[in-house]
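Okay, so here's the structure we're looking at.
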Amino acid sequence: VSTQSTGSSGINAEYGQRKLAHENIKDIIAFGFNPEKTFIFCDLEYIPSCKEFYWNMNRIQKCINYNQAQKCFGFSGDSYIGKISFPAIQAAPSFSTSFPHIFGERKVHCLIPCAIDQDPYFRITRDVAPRLKQNKPVLLHSTFLPALQGAQTKMSSSDSMSNVEMSDTPKKIKTKINKHAFSGGKGSIEEHRKLGGDTSVDVPYHYLRFFEPDDDRLAEIKRDYESGALLSGEIKKILIDHLQAYVKEFQERRANVTPELLDKFLSRHPMDI
């Protein structure tokens, strides 16, 4: 596993970028990656020290003209040149030759889990890969969790009530789900018992599709909710229990990420792959 950490918008100082990147890396580590099989790198730190990565960036840039980039990413005359050049930076890790300390000169296929908004970067990478005699990367598109207010609204980091954050307390998780999670239930208990809930719009049910590990149990919840046997407050309670346990375990793992462990993931070390 190779994970790229890029600079963040709104953080101007180099120290601030580095600190924020390392905090994000702690989040990644806390999901359970094995340091013996994982290399995490920051662009600002890795690219200046790896000429192979930089060469791949240059080769990709030579294969993409401005018209292609403009059509793919929607650049305009107001776009900064850094924004225009960034696709090559994001594309370069798709090629194993960007990591000679891991793969040497071997050309290994790259599998990229990503959200759909990152798709254009790697579609254009697939276009240029044959010209560079590289393997085309393969994408695995992830599914977005809906905002708590429903699928028609946008989850935003600037609106803490639109999502459950991995730093939330159990009390805050309970409050967010009970007060802000859009319900597909009916207006009264009597009506809900008679008509049942609508799982196609119910946010707690959609979240349970990710956090309930037992498919049979999930099917039972869906059946009971749609029949009216399970109330809106009850399905929310099921979700709250799952989220509180999940977030608590994550926070415990993150607290155990020491500076030494962070350095291990960031160091160029031999891997058993």
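Numbers below:
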quantity: Whole-percent carbon and sulfur share, accessible surface of the chain, 1.4 Å; calculated: 54
quantity: Per-bin percent of Cα-Cα distances, the stretch 132-273 [5 Å]; calculated: 2, 9, 15, 16, 16, 13, 9, 7, 6, 4, 2, 1, 0, 0
quantity: The stretch 200-240: C-alpha pair distances exceeding 13 Å, %; calculated: 45
quantity: Where labels lie 7 Å past Cα in the beta-carbon direction, separation of Gln251 and Lys19 in nm; calculated: 2.3
quantity: Table column - 3J(HN,Hα) (Hz), the stretch 217-224, Karplus curve with 6.51, -1.76, 1.60, x for Gly and Pro; calculated: 5, 4, 5, 5, 4, 4, 5, 5
quantity: In Å, descending, principal axis extents of the Cα set of the stretch 35-156; calculated: 49, 41, 27
quantity: Area accessible to solvent at Glu36, 1.4 Å probe radius, in Å²; calculated: 90
quantity: Three-way shape label, the stretch 19-63, alpha-carbon gyration tensor, a/c 1.5; calculated: prolate
quantity: Directionally averaged projected area (convex hull, Cα atoms, the stretch 85-207), nm²; calculated: 11.6
quantity: Across Lys174/Lys222; Lys26/Lys237; Lys51/Lys133, pairs whose alpha-carbon gap is larger than 26 Å; calculated: Lys26/Lys237
quantity: Whole-Hz ³J(HN,Hα) from phi, Karplus 6.51 cos²θ - 1.76 cosθ + 1.60, for the stretch 195-200, glycine and proline x; calculated: 9, x, x, 9, 6, 5
quantity: Accessible surface ranking that places the most exposed of His141, His242, His269, His109 first, with a 1.4 angstrom probe; calculated: His109, His141, His242, His269
quantity: Cut-off under 5 Å, modelled amide H: who pairs with Gly150 long-range; calculated: Phe182
quantity: Exposed trypsin sites (Lys or Arg not before Pro) absent: longest stretch of the chain, with sites in DSSP loops and at most 15 other Cβ within 10 Å deemed exposed; calculated: 155-267
quantity: Lys179 paired with Lys83, simple spin-label distance in nm, labels 7 Å along Cα-to-beta-carbon; calculated: 3.6
quantity: By accessible area with a 1.4 Å probe, ligands and nucleic acids excluded, highest first: order of Ser142, Ser157; calculated: Ser157, Ser142
quantity: Rounded accessible area per residue of the chain, 1.4 Å, Å²; calculated: 59
quantity: Candidates Ala91, Ala129, Ala219, ranked by Gaussian network fluctuation over the chain, Cα under 10 Å, top entry; calculated: Ala219
quantity: For the stretch 36-87, diffusion coefficient by Stokes-Einstein and Kirkwood Rh (Cα), 37 °C, 0.692 mPa s, µm²/s; calculated: 255
quantity: Translational diffusion coefficient (Stokes-Einstein; Kirkwood radius from C-alpha pairs) of the chain at 37 °C, 0.692 mPa s, in µm²/s; calculated: 152
quantity: GNM result for the chain, Cα springs below 10 Å: residue of Thr97, Thr199, Thr38 fluctuating most strongly; calculated: Thr199
quantity: In nm, spacing of pseudo-spin labels at Ser267 and Phe144 (7 Å Cα→C-beta vector); calculated: 4.0
quantity: Nearest-10 value in Å² for the accessible area of Ser85, using the 1.4 Å probe; calculated: 50
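The values are calculated or read from the model by the stated rules, or taken from the named source; none is laboratory data. For clarity, every value in this text was computed on a predicted model and none was experimentally measured. Don't worry about glycine lacking a Cβ; one is built from the backbone with ideal geometry, like all the others, and counts go over all protein chains shown. The protein model used for the area step is the full one, side chains on, heavy atoms only, and it has no ligands, DNA or RNA in it. Shrake-Rupley method; radii C 1.70, N 1.55, O 1.52, S 1.80 Å.
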